[in-house]
Amino acid sequence: MSKKSLTLWKYALAGTVSVLLPITALALGTSSVELEFDTPTYLFIDDESQTGLDLSAELTIEMWFKLESEPLGADAYQLISKRHSSGQRSYALELQPTGHPNGKGIGFYTWSNGVDSACATFLDWEYQEGTWYHVAVTKSGTHVLFYVNGSQIGSVQICDNANIFEGAAEVRVGADDDANTKYDGLIDELRVWGVARIPREISGRYRHELPKGDKVGLRAYWKFDGDYADSSGNGNNLSQIGANPFSEDVPSFACLKPSAENIKKCSLVL
């Protein structure tokens with residue numbers, strides 16, 4: 001897939017008349033990062049080095065992932081987390097297997113003091129190996145929402161932890177801070193926000209790289225286009241443990257080949 005500018009079109013309402021306006025959007029990049037369960041690999045940034053990743057009442061985490069093998073037993077695969085068992089638990093987004101107590105799906109956990117039981121929210125979802133999915137979770141105060149491929153799935157879930165503990169654990173992608181690597185697959189276009197994105201922002205952006213003007217509240221943006229650099233402007237560059245190869249296997253969809261029938265579907269919502 002070449003990384004190039006695509007000219008798309010969107011509908012805008014001018015009074016009662018629909019007008020076609022040209023817009024330009026970037027396709028997703030040329031590579032994704034591959035994390036392996038059997039040869040422990042993960043990405044991280046120290047707490048002292050990060051800026052803005054101590055999330056609290058308002059947040060959004062979103063990413064593309066493609067699983068290569070499903071977790072075994074009850075252990076979950078960590079997508080991104082900032083937690084350590086020594087009283088430094090803040091938040092975690094994980095992929096849970098069939099054998100997990102909550103069942104198969106996505107779990108999002110937050111801690112208010114770093115120690116006590118987490119506020120757990122969960123999306124019951126039958127994901128499959130070998131398929132690219134975009135997932136997102138938003139938190140606005142005590143309200144949590146899940147999205148899959150740009151669409152809200154399920155209703156609002158209530159989390160009593162309006163605020164999240166500001167701990168000293170590393171932020172890790174593909175593992176938690178107990179050095180347990182719990183992910184086997186590909187990850188791309190990982191974005192962390194300090195605001196709760198609204199539905200049209202998620203549905204209108206997930207097929208595209210972020211336009212330059214859409215960075216309000218953006219804390220970290222890892223494109224994984226051959227490096228672990230942060231494109232948010234906050235300097236949250238990741239480091240690697242183990243060999244993290246980059247793959248040319250990236251999310252693909254009809255939006256990369258605009259046609260009359262998918263012009264509106266693929267438009268970037270401004």
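Each reported figure results from applying straightforward, stated rules to the coordinates on display, with no laboratory input. Everything quoted here is computed from the prediction, not taken from an experiment. All Cβ positions, glycine included, derive from the backbone under ideal geometry; neighbour counts span all protein chains shown.
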Residues of region 25-58 with amide nitrogen under 15 Å from the 7 Å Cα-to-Cβ point of LYS212? 25-26
Tally Lys and Arg at +1 and Asp and Glu at -1 over the other residues with C-beta under 13 Å from the C-beta of ASP54: what net charge comes out? -2
Residue separation times 0.36 nm, minus the C-alpha to C-alpha distance between SER69 and ASP160: what's the value? 29.4 nm
Measuring from label point to label point, each 7 Å out along Cα→Cβ, what is the ASP178 to ASP227 span in nm? 3.5 nm
Compute the distance in nm between two label points, each set 7 Å from the Cα along the Cα-to-Cβ direction, one at THR131 and one at THR98. 1.5 nm
Across region 49-61, in residue order, what do the Karplus-derived ³J(HN,Hα) couplings come to in whole Hz, using 6.51 cos²θ - 1.76 cosθ + 1.60 with θ = phi - 60° and x for Gly and Pro? 8, 7, 10, x, 9, 7, 6, 9, 5, 10, 7, 9, 10
Hull volume per residue for region 100-163, using the convex hull of the C-alpha atoms, in Å³ is 98 Å³
